[in-house]
Structures are given as C-alpha cells and as structure tokens.
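Structure, as structure tokens:
The values are calculated or read from the model by the stated rules, or taken from the named source; none is laboratory data. All values derive from a computational prediction rather than experimental measurement. Here the Cβ positions follow ideal geometry from the backbone for every residue, glycine too, while neighbour counts run over all protein chains shown.
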C-alpha cells in the first residue's frame, strides 16, 4: 500500500483520537475540535509527493504522426 496514504490515515486517526479524549474528559473541547477539523483538512488536501524528482509533463501530441 502507498506509504503516503498510510501516513495520512494515521495522522487523521491521531486527530480523531485527540477529539475523543477531549470529549470524554470534558476539557479543552472548544480548542481541540476546531484544531482537529483544520488538521484533517490540511492532512488530506496537502499535495502528494510524486517521487524524488520533478518530471516534466508528457507531451499530448505524438511527434511521429506528423508528415
């Protein structure tokens, strides 16, 4: 499985666990819940790394088809 995906899922699980702990203890819920929402949004929408180098996009026009 993709390592980047596993990292994202693990971070989201940690944030959800923090909200659950805060809700069970009744402390800091007004702080933890909004931070968890922002944290999950950042984790899930952060751009993925595509390998170790920046590859140029493929050319959609095949140059061999020209006469």
Mind checking which pairs have a first residue in segment 14-39 that is on the phi > 0 side of the Ramachandran plot and a second that is surrounded by 14 or more Cβ atoms within 10 Å (Cβ to Cβ) and modelled with pLDDT of 95 or more, Cβ under 7 Å, 6 or more apart or different chains?
-> 28/22
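Can you confirm whether residue 35 is part of a helix (DSSP H, G or I), modelled with pLDDT of 95 or more and surrounded by 13 or more Cβ atoms within 10 Å (Cβ to Cβ)? Steps first, please.
On the way: part of a helix (DSSP H, G or I): yes; modelled with pLDDT of 95 or more: yes; surrounded by 13 or more Cβ atoms within 10 Å (Cβ to Cβ): yes.
The answer is yes for residue 35.
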Test: residue in segment 47-57 that is at pLDDT below 95, in contact with a helix residue (DSSP H, G or I) (Cβ under 8 Å, 6 or more places away or on another chain) and part of a helix (DSSP H, G or I) = no
